[in-house]
Amino acid sequence: MRYSAFQVLKNALTGNTGWKPVWRNPEPKKAYDVVIVGGGGHGLATAYYLAKTYGVQNIAVLEKGYLGGGNVGRNTTVVRANYLLDGNLEFYSKSLEMWETLSQELNYNVMLSQRGVLMLGHSDGQMEALARRGNANLATGDDAVLMGLDELRAFTPYLDFDNGRFPVKGGLLQRTGGTARHDAVAWGYARGADLHGVDLIQNCEVTGFRIENGAIKGVETSRGYIGAGKVGMAVAGRSSQLAEMAGMRLPIESHVLQAFVTEGLKPLINTVISFGMGHFYISQSDKGGLVYGGDIDGYNSYSQRGNLPMVEHVAEAGMALMPMLGRARQLRSWGGIMDMSMDGAPIIDTTPVDGLFLNGGWCYGGFKATPASGAAFAHLMATGQHADYAAKFRLNRFETGHLLDDEGTGPRPNRH
Amino acid sequence: MRITCPHCGERDSREFDYLGAASLLERPENPAAFTDYIYSRENSAGDNAELWQHSMGCRAWLYVVRNVTTHDIKQVRLAREART
Ligand SMILES: Cc1cc2nc3c(=O)[nH]c(=O)nc-3n(C[C@H](O)[C@H](O)[C@H](O)COP(=O)(O)OP(=O)(O)OC[C@H]3O[C@@H](n4cnc5c(N)ncnc54)[C@H](O)[C@@H]3O)c2cc1C
Ligand SMILES: [Zn+2]
């Protein structure tokens, strides 16, 4: 069914009895031309573009839990294209461009809200770094506005500008950045893939690969063996574990990132704000909850729940930036396991195994990356060529020295 | 999470800084092995041998074996003794 205002009206008048399940729940077939492992944003988007853009038929997405139960449904939904280095710049630029028409593309409202993304500066040095970043964004064709104190006081009057330790000096605003509804992205891509004939198979964990003479033959799963011509790995925080089943060791550590939400409040925060001191960022959801987060806990973790020191740190950073936060009640906190790559940038590449492809290492940036990542991974799997906007996300860059270390912190995942 | 420093006793994890996998102690002789040494990681979901520094205490570097799913600390030694 195509969603439209007409359908909404018609169903309103007929007791909402006309809505059908959004995707099928098929039994796995014996074999597929392409198997995508992982039913998160990236896996679903990849399957969608493979079917839609490249006309690949006979595709399955295998998800060990339920669709969208991973990081795609756990993130804080920030979408932006204000990175610093070539490689990241053109990729996130492409992704933001795709976001702008994604609801129309999928016929599914992903609730993209371009309310702006503001990065604050607290010292002269930081303001210079923001100016440099803004110039890089402008040169890529994205927008950037360097804001002085007066402008900023008018735009976000509720910040603690004169904080004794971290006074606010200015900020860099990207007006086209903002937020989107994370679940809708997973559901929209899932529905689109299903409509193009992709089998979405839930509760199906990949437990091994069948590899013969260096080429992929299929996957062992909790629901039996499934043959495959090509296999794409898109399992977010589990990339190392999955790749190990194919004998690979990746430049990745798995870390937990936490997020927090308060009770619903009246409209208060008009943009997405990131504090330049200590990692803290905040926005307000359409339901009114203040959504915020900080850094990863700082040491490897596969526990899908964070520890208390980071809860305290995030609360302190939030209070330093916006003292009124202390009046809001925090309702929930949760965590997600992320691939933290050694340079902080992702990997979309072939592997030493013929027909086995890798999409991983997304760190903090994987939600905003979803459309371009799916499109680039589908392009690579269908044509064997790297999409030009994702050509630098190579696995061998760690060997050749072409690192994409946007933060300039070296091979320390907990510093990115 | 609390870590028992061999010098200072059981302390809050916030007194410690995390560096990464303890395999960093095994610096290779062969330059060709360096990419792997610097960038590749085991990253399993079980016990992980890693390096922590008691930076807000005695500043000693520690070799810690920790379960990365439950955060149980299985072993703490001075890194210089673990190196042998
Ligand atoms: C708290 C938090 C906040 C974040 N905030 C932002 C943000 O504001 N902006 C942003 O851009 N990014 C953000 N991110 C990062 C972003 O969410 C991730 O990088 C991105 O969602 C990862 O890609 P994915 O959607 O495909 O992952 P997932 O949704 O995690 O999908 C991977 C799927 O693979 C499945 N899987 C794993 N192993 C197997 C197996 N063996 N067999 C079958 N299936 C398997 C998992 O069950 C999972 O569903 C945040 C992350 C977290 C945790
Ligand atoms: Zn000590």
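The values are calculated or read from the model by the stated rules, or taken from the named source; none is laboratory data. Just so it is clear, the structure is predicted and the values come from calculations on it, not from any experiment. Please note: Cβ atoms are built from the backbone with ideal geometry, for glycine as well, and neighbour counts cover all protein chains shown. Side chains are part of the model used for accessible areas, which takes the heavy atoms of the whole protein and leaves out ligands, DNA and RNA. Shrake-Rupley method; radii C 1.70, N 1.55, O 1.52, S 1.80 Å.
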- prompt: Is it fair to say B:ARG27 is more than 8 Å from chain A (Cβ to nearest Cβ), without any contact (Cβ under 8 Å) to a residue 40 or more places away in the chain and within 14 Å of ligand 2 (Cβ to nearest atom)?
  reply: no
field: Residue satisfying all of: in the range B:1-23; within 25 Å of A:GLY401 (Cα to Cα) and at the interface with another protein chain (Cβ under 10 Å from one of its Cβ atoms); most open to solvent (accessible area, probe 1.4 Å) among these
entry: B:LEU19
field: Some residue of the range A:236-246 being within 26 Å of A:GLN57 (Cα to Cα) and touching a His at 6+ places or on another chain (Cβ under 9 Å)
entry: yes
- prompt: Is it the case that the range B:41-52 has a residue that's under 25 Å from A:SER303 (Cα atoms), more than 11 Å from chain A (Cβ to nearest Cβ) and within 16 Å of ligand 2 (Cβ to nearest atom)?
  reply: no
statement: Residue count, the range A:109-155, condition at negative phi and in a loop (DSSP other than H, G, I, E, B), comes to 11
field: Within the range A:227-241, considering residues that are surrounded by fewer than 23 Cβ atoms within 10 Å (Cβ to Cβ) and more than 9 Å from chain B (Cβ to nearest Cβ), the one farthest from A:PRO352 (Cα to Cα)
entry: A:GLY227
task: Please give the strands (runs of 3 or more DSSP E) falling wholly within the range A:166-251 in which 1 or more residues are more than 30 Å from A:LEU84 (Cα to Cα) and not aliphatic (A, V, I, L, M).
output: A:199-201, A:206-212, A:215-221, A:224-233
- prompt: Could you say whether any residue in the range A:315-327 is in contact with a helix residue (DSSP H, G or I) (Cβ under 8 Å, 6 or more places away or on another chain) and within 14 Å of ligand 1 (Cβ to nearest atom)?
  reply: no
query: With the range A:23-108 as the region, which helices (runs of 4 or more DSSP H) entirely inside it contain at least 2 residues that are within 14 Å of ligand 1 (Cβ to nearest atom) and of a type outside the set (D, E, K, R)?
result: A:41-52, A:88-99
field: Which numbered condition A:LEU290 misses (of (1) of a type in the set (A, V, I, L, M, F, W, C); (2) open to solvent by less than 20 Å² (accessible area, probe 1.4 Å); (3) closer than 24 Å to B:LEU24 by Cβ; (4) part of a strand (DSSP E or B))
entry: (3)
statement: Taking the range A:1-24 and keeping only residues that are loosely packed, with under 11 Cβ neighbours inside 10 Å and either of a type outside the set (A, V, I, L, M, F, W, C) or in contact (Cβ under 8 Å) with a residue 60 or more places away in the chain (or both), one is left with A:ARG2, A:SER4, A:THR14, A:GLY15, A:ASN16, A:THR17, A:LYS20, A:PRO21
- request: Answer yes if at least one residue in the range A:108-125 is among the charged types (D, E, K, R), within 16 Å of A:ALA186 (Cα to Cα) and modelled with pLDDT of 95 or more, and no otherwise.
  value: no
- prompt: Residue check: is A:THR262 of a type outside the set (Phe, Trp, Tyr), within 27 Å of A:HIS379 (Cβ to Cβ) and open to solvent by less than 20 Å² (accessible area, probe 1.4 Å)?
  reply: no
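A quick yes/no check of all residues on (1) more than 9 Å from ligand 1 (Cβ to nearest atom); (2) of a type in the set (A, V, I, L, M, F, W, C); (3) at pLDDT 95 or above:
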site: A:GLU220; (1), (2), (3): yes, no, yes
site: A:MET233; (1), (2), (3): no, yes, yes
site: A:SER240; (1), (2), (3): yes, no, yes
site: A:MET245; (1), (2), (3): no, yes, yes
site: A:VAL261; (1), (2), (3): yes, yes, yes
message: Can you confirm whether A:MET277 is of a type in the set (A, V, I, L, M), more than 14 Å from chain B (Cβ to nearest Cβ) and either open to solvent by 10 Å² or more (accessible area, probe 1.4 Å) or touching a Cys at 6+ places or on another chain (Cβ under 9 Å) (or both)?
response: yes
message: Whether any residue in the range A:99-114 is out of contact with any helix residue (DSSP H, G or I) (no Cβ under 9 Å at 6 or more places or on another chain), surrounded by 15 or more Cβ atoms within 10 Å (Cβ to Cβ) and among the small types (Gly, Ala, Ser) is what I want to check.
response: yes
- request: Restrict the check to the range A:306-319 and report whether at least one residue is more than 14 Å from chain B (Cβ to nearest Cβ) and either open to solvent by less than 30 Å² (accessible area, probe 1.4 Å) or in a strand (DSSP E or B) (or both).
  value: yes
message: Of the residues A:ALA12, A:ALA51, A:ALA45, A:ALA31, only one is among the small types (Gly, Ala, Ser) and in contact with a Phe, Trp or Tyr (Cβ under 8 Å, 6 or more places away or on another chain); which?
response: A:ALA45
query: Restricting to the range B:42-67, what's the tally of residues that are open to solvent by less than 20 Å² (accessible area, probe 1.4 Å) and either within 16 Å of ligand 1 (Cβ to nearest atom) or modelled with pLDDT under 95 (or both)?
result: 1
Odd one out for A:PHE209 among (1) within 15 Å of ligand 1 (Cβ to nearest atom); (2) at positive phi: (2)
- request: Quickly run through the range A:384-416 and pick out the residues that are open to solvent by 20 Å² or more (accessible area, probe 1.4 Å) and away from every other protein chain (no Cβ under 14 Å).
  value: A:GLY384, A:GLN385, A:HIS386, A:ASP388, A:TYR389, A:ALA391, A:LYS392, A:ASP406, A:GLU407, A:GLY408
message: Return the residues of the range A:134-154 that are surrounded by fewer than 17 Cβ atoms within 10 Å (Cβ to Cβ) and within 28 Å of A:ARG327 (Cα to Cα); say none if nothing qualifies.
response: A:LEU149, A:ASP150, A:GLU151, A:ARG153, A:ALA154
- line: Among B:ARG77, B:ARG83, the single one that is in contact (Cβ under 8 Å) with a residue 24 or more places away in the chain, away from ligand 2 (no atom under 16 Å from the Cβ) and more than 14 Å from chain A (Cβ to nearest Cβ) is B:ARG83
